[in-house]
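Written below as structure tokens is the structure these notes are about.
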Amino acid sequence: VMFLRNNGMYIVILTIPFLIIALRKYWKKVIAISFIIIFSYSILRTSIFNIFNIKEGSVGEMLSIPLQQIARVKKYHKEELDEETINQINQFFKCDDIENKYNPILSDPVKAQLNTEYFDANKGEFIKLWLNLLRQYFKDYVESFISNSYGYYYPEAKHWVANRTMEPNNMGISQQPLIEGKLVSKIDSLIERRDIPILSMFFSIGTAFWLIVICLGYKIVQKEYKHIVSYLIILILWLTIVASPVFCEYRYAY
């Protein structure tokens, strides 16, 4: 889980307290095993990154929600903001027109403009700025969050599921279809549609989420509390992808 994606670390760590409660008779063993796993992962990850000269991801990867909210406020309320606030916002970005980069369902354009050096030196100022705008534009903050996450809980949301074509590359690899295109194209067209009963929900993250919530509720009603741990792992994963850069990315949830 931890090696597949960066958020795997958070999933494991946040699951451990519930695992200790569920297996309280063996709490010492659970803590020992958990420590060994996390410690081993940290050593391996650090070693592999150093050997292959892999750089850590940008701090902006964790700031999709607040950066989108600030950009949205500037986009829709620029005329209301005083000059000092606008200057504050501009200092945290490489450009002075971050509002023009704002895409409600994708944070990458805004995130790419984060001035990481200034942010690292002024984290407290960033938090203060975010809180000040939160008090004034709470509705915009909520709308920004929903716009950038609704695909993970709204069954009707649709986005690409799998990339079924060969992207342009410099390795000389080209697409060589083994099945004539009509059948493949027909199958492809069904995957992302939401107007076909039952079939349309097979690739819906929102539908999967609500099925998990219903099953979890059933376990609680039946008082089968130990089984809740199995669902918590998935729900914690869901919390991490709700804070992701894209509003509906199937591969994140898959």
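Just reorder 252, 118 by solvent-accessible area, largest first, 1.4 Å probe, all chains present.
Listed by decreasing accessible area, they come as 118, 252.
Reducing region 188-217 and region 14-91 to their Cα centroids gives an inter-centroid distance of 29 Å. Once the 1.4 Å probe is applied to the protein heavy atoms, region 1-141 comes out at 65 Å² accessible per residue.
Report the extension gain between residue 156 and residue 218 in nm, rounded to one decimal, defined as 0.36 nm multiplied by the number of residues separating them, less their alpha carbon distance. Provide the component values of the computation, followed by the final result.
Numbers: separation 62, 0.36 × 62 = 22.32 nm, distance 2.40 nm.
So the chain would gain 19.9 nm between residue 156 and residue 218.
Do any trypsin sites (Lys or Arg not before Pro) in region 1-88 lie in a DSSP loop with no more than 13 other beta carbon atoms within 10 Å, and if so, which? Answer by residue number: 55, 78. The charge dipole of the chain, taken about its Cα centre with unit charges on the Cβ of Lys, Arg, Asp and Glu (plus for the first two, minus for the last two), comes to roughly 1440 debye.
Annotation: Cα Rg of the chain relative to the compact-globule expectation 2.2 N^0.38 Å equals 1.22.
As an exercise, take the mean of 1/r over every pair of distinct alpha carbons in region 67-206, invert it, and state the Kirkwood radius in angstroms.
Value: 18.4 Å, from the Cα pair sum.
Note: region 29-139, Cα convex hull, 158 Å³ per residue. Among 137, 76, 250, the order of accessible area from largest down is 76, 250, 137, computed with a 1.4 Å probe on protein heavy atoms.
The region of the chain that goes longest without hitting one of the GluC sites (Glu not before Pro) in a DSSP loop, each with at most 13 other Cβ atoms within 10 Å, is 81-155.
Based on every Cα atom in region 211-254, Rg and the maximum pairwise Cα distance Dmax equal 12.4, 37 Å. Projecting the Cα atoms of 148, 218, 199 onto the charge dipole of the chain (Cβ charges, centred on the Cα centre) puts 218 farthest toward the positive pole.
Excluding same-chain neighbours fewer than eight residues apart, the lysines reachable from residue 25 by a Cα-Cα span under 23 Å are 219, 223, 226.
Just the Kirkwood number for region 128-211, please: inverse of mean 1/r across all distinct Cα pairs, in Å, one decimal. Walk me through the numbers before you get to the answer.
Numbers: mean 1/r = 0.0610 Å⁻¹.
Kirkwood radius, region 128-211: 16.4 Å.
Taking the 1.4 Å solvent-accessible surface of the chain as the whole, the part contributed by carbon and sulfur is 64%.
Entry note, the chain: the mean residue ellipticity at 222 nm calculated from DSSP H runs of n ≥ 4, each adding -39500 (n - 2.57), is -17500 deg cm²/dmol after division by the residues and rounding to the nearest 500.
Only one residue of 105, 126, 175 has its Cα farthest out toward the positive end of the dipole of region 80-197, where Lys and Arg carry +1 and Asp and Glu -1 on Cβ, and that residue is 175.
Of 150, 10, which has the most accessible area and how do the rest follow, probe 1.4 Å?
Details: 150 70, 10 115 Å².
So, going from the largest accessible area down, we get 10, 150.
The values are calculated or read from the model by the stated rules, or taken from the named source; none is laboratory data. Small disclaimer: the values here were computed from a predicted structure and weren't measured. Cβ coordinates were reconstructed from backbone atoms using ideal geometry, including for glycine residues, and neighbour counts include every protein chain displayed. Note: areas computed on protein heavy atoms with side chains; ligands, DNA, RNA excluded. Shrake-Rupley method; radii C 1.70, N 1.55, O 1.52, S 1.80 Å.
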